[in-house]
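Working notes for the structure below.
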């Protein structure tokens with residue numbers, strides 16, 4: 001199949017560009033021809049990846065070709081020739097140029113489908129190219145375009161048309177609710193395509209780059225080869241923790257511990273960084289090198305004693321960086337801020353000092369210096385932490401699964417006609433949802449998929465004459481209002497059915513969707529709180545509830561997504577933890593009982609553990625010690641999820657319940 005990508009791509013630095021590179025390469029490796037249309041060659045020097053002549057060679061990694069027909073061809077616009085392209089006021093018609101190049105390539109090569117990632121300029125260019133060529137498109141958003149660009153009034157209308165004109169929008173988690181709020185039909189939202197690290201390239205067996213040769217290659221002065229190396233890569237800046245890292249480095253040096261910092265990092269605040277390096281006297285031990293392309297990053301990771309990613313106070317809550325997963329996949333010790341750790345898929349399995357090293361708050365420079373010392377002072381220990389991180393956390397979503405789902409999605413859309421203009425027109429927000437089934441399909445898609453004719457009739461009768469849908473200024477409010485109506489009908493006409501459980505699950509998601517940003521990052525490490533030597537109390541952070549479902553709701557939802565035949569009703573009770581700071585979490589009976597105990601009232605940590613030991617009838621010291629360790633592991637997972645917090649309470653008179 002011939003596919004047109006309209007996306008970011010190297011030499012643009014960043015997560016979206018990296019994802020697009022691995023997606024294009026992976027699809028080409030499967031035999032597809034991928035024609036990448038981009039403006040990558042126009043990227044400013046501050047965010048430009050260094051590509052060598054071997055990278056750009058005919059057989060190089062930049063535009064790879066594989067046995068058979070599979071290959072990647074890249075077509076990038078160049079900076080405008082101002083002797084030809086000028087008008088008043090002067091500008092760069094980026095969208096026009098990308099859409100024109102894409103339409104030309106689509107017609108020339110007969111592309112069957114368009115894939116676009118990021119609203120500006122790529123999504124809008126895909127919208128236009130699709131309309132001009134009659135080829136359908138799939139659009140994927142990131143966190144920054146959806147939550148920063150989409151918020152601007154002068155841009156929003158165009159972007160809504162991009163979303164509504166796509167045959168599929170790839171969106172998951174809380175962002176999916178935003179898609180629904182903008183009017184994207186649920187059956188055109190795909191939440192299954194989730195990027196996975198290519199572990200065939202990111203793994204502990206990748207040969208390490210020679211850091212000192214790398215430094216020499218960019219004409220930088222050498223560093224002391226006897227010192228450990230802390231690696232950093234990605235944009236630098238205040239929110240990235242770059243200046244905190246330099247300050248902590250100076251603290252460590254004053255205490256007598258020295259190391260080298262090698263950073264593949266540039267950014268708008270680079271001049272400030274270099275000024276701080278000189279002010280703190282770090283020039284001999286800091287080397288800032290150009291960005292390397294994605295396929296060279298594993299070798300860099302493997303060459304470092306540890307790699308740090310210290311993003312904090314990031315203004316876009318939905319931002320979920322890939323760098324921590326890349327470091328873990330390579331089996332290298334990861335030093336990570338608590339804020340970023342709480343955004344990772346497997347955050348509940350992270351164990352500080354065991355499989356990662358966590359920095360509660362990089363702005364506390366003495367604490368950060370201590371964490372860096374722990375990471376770098378003992379190379380075998382750092383190696384063991386990195387290997388344990390790989391064993392416990394892996395690389396998250398598997399790359400081949402990601403390619404399977406993306407391949408299947410693009411193949412399915414290629415067989416469809418583009419979304420007609422009428423269907424891509426934003427709805428009139430003043431129009432009430434008089435058709436309750438239409439509203440149910442939009443807000444409760446899984447429930448709608450299970451409704452039969454009898455329940456449809458009961459639902460229509462229940463809504464007749466009501467004011468449902470007149471509060472369209474608040475999609476969340478409409479979702480809750482509709483959910484209560486659906487449940488009232490199902491409680492009477494289908495109280496013990498799968499559809500009632502599914503509706504309850506979707507309703508609870510709306511009810512608990514007020515804050516899914518995981519709240520503030522912890523201000524201390526879990527081990528510090530547990531081993532603090534003071535009386536400690538466990539409490540729920542915000543609000544939480546464990547809901548018991550008669551059926552395995554998640555399995556039912558998965559079957560609906562896969563369009564599998566409906567399973568015969570069979571009771572398989574499951575318990576799901578809902579919390580204002582996280583997505584729904586399936587828990588076992590023991591964890592549910594533990595959480596219920598904490599929900600009732602704050603409880604002393606030792607009392608909590610003793611209660612669980614008593615429940616589990618731990619009679620000897622060995623069994624009690626095992627159960628204590630198990631409880632602490634579960635509590636740390638809940639702590640990472642933001643469900644609980646641990647208080648240090650001065651004095652011994654702490655109430656047990």
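The values are calculated or read from the model by the stated rules, or taken from the named source; none is laboratory data. Note that the structure is predicted; figures quoted are calculated from it, not measured. Neighbour counts run over all protein chains shown; Cβ positions are idealised from the backbone, glycine included.
Summary table below
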item: Filter pass, residue 184 being in contact with a helix residue (DSSP H, G or I) (Cβ under 9 Å, 6 or more places away or on another chain), assigned by TED's automatic domain parsing to the domain that holds residue 378 and either without any contact (Cβ under 8 Å) to a residue 60 or more places away in the chain or buried (at least 17 other Cβ atoms within 10 Å of the Cβ) (or both); result: no
item: Criterion (out of contact with any strand residue (DSSP E or B) (no Cβ under 8 Å at 6 or more places or on another chain), in the same structural domain as residue 355 (by TED's automatic domain parsing) and over 25 Å from residue 18 (Cβ atoms)) met by exactly one of 244, 284; result: 284
item: Some residue of region 17-30 being modelled with pLDDT of 95 or more and in a loop (DSSP other than H, G, I, E, B); result: yes
item: Given (1) crowded, with 18+ Cβ neighbours inside 10 Å; (2) in contact with a strand residue (DSSP E or B) (Cβ under 6 Å, 6 or more places away or on another chain); (3) not in a loop (DSSP other than H, G, I, E, B), number of the condition residue 63 does not satisfy; result: (3)
item: Selection status of residue 96, assigned to a helix (DSSP H, G or I), under 31 Å from the mean Cα position of the chain (by Cα) and in the same structural domain as residue 41 (by TED's automatic domain parsing); result: yes
item: Every residue from region 365-400 that is closer than 20 Å to residue 208 by Cβ, in a helix (DSSP H, G or I) and within 19 Å of the chain's Cα centre (by Cα); result: 389, 390
item: Subset tally (residues that are modelled with pLDDT under 80 and either part of a helix (DSSP H, G or I) or farther than 15 Å from residue 441 by Cα (or both)) for region 468-488; result: 10
item: Strands (runs of 3 or more DSSP E) within region 504-616 that include 3 or more residues within 20 Å of residue 191 (Cα to Cα) and at pLDDT below 90; result: 582-587
item: Scan of region 120-149 for residues that are under 12 Å from residue 171 (Cβ atoms) and outside any helix (DSSP H, G or I), ordered by number; result: 138, 139, 140, 141, 142
item: Any hit, region 315-324, residues being surrounded by 21 or more Cβ atoms within 10 Å (Cβ to Cβ), under 13 Å from residue 232 (Cβ atoms) and within 15 Å of the chain's Cα centre (by Cα); result: yes
item: Condition met for residue 137 (over 18 Å from residue 412 (Cα atoms), in contact with a helix residue (DSSP H, G or I) (Cβ under 8 Å, 6 or more places away or on another chain) and buried (at least 23 other Cβ atoms within 10 Å of the Cβ)); result: no
item: Check on residue 270, more than 21 Å from residue 225 (Cα to Cα) and in contact (Cβ under 8 Å) with a residue 60 or more places away in the chain; result: yes
item: Residue identified as surrounded by 14 or more Cβ atoms within 10 Å (Cβ to Cβ), free of Cβ contacts under 8 Å to residues at least 60 places away in the same chain and over 28 Å from residue 342 (Cβ atoms) among 610, 621; result: 610
item: Count of region 254-301 residues which are closer than 23 Å to residue 204 by Cβ and over 29 Å from the mean Cα position of the chain (by Cα); result: 2
item: Pairs, first free of Cβ contacts under 8 Å to residues at least 24 places away in the same chain in region 194-215, second surrounded by fewer than 20 Cβ atoms within 10 Å (Cβ to Cβ) and in a loop (DSSP other than H, G, I, E, B), C-beta under 8 Å, six or more apart; result: 212/222; 212/223; 212/225
item: Qualifying residue in region 257-267 (condition: in contact (Cβ under 8 Å) with a residue 60 or more places away in the chain, at positive phi, buried (at least 19 other Cβ atoms within 10 Å of the Cβ) and touching a strand residue (DSSP E or B) at 6+ places or on another chain (Cβ under 8 Å)); result: no
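Yes or no, residue by residue, for (1) surrounded by 21 or more Cβ atoms within 10 Å (Cβ to Cβ); (2) more than 25 Å from the chain's Cα centre (by Cα); (3) over 21 Å from residue 146 (Cα atoms); (4) in contact (Cβ under 8 Å) with a residue 12 or more places away in the chain:
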site	(1), (2), (3), (4)
10	yes, no, yes, yes
24	yes, no, yes, yes
38	yes, no, no, yes
41	no, yes, yes, yes
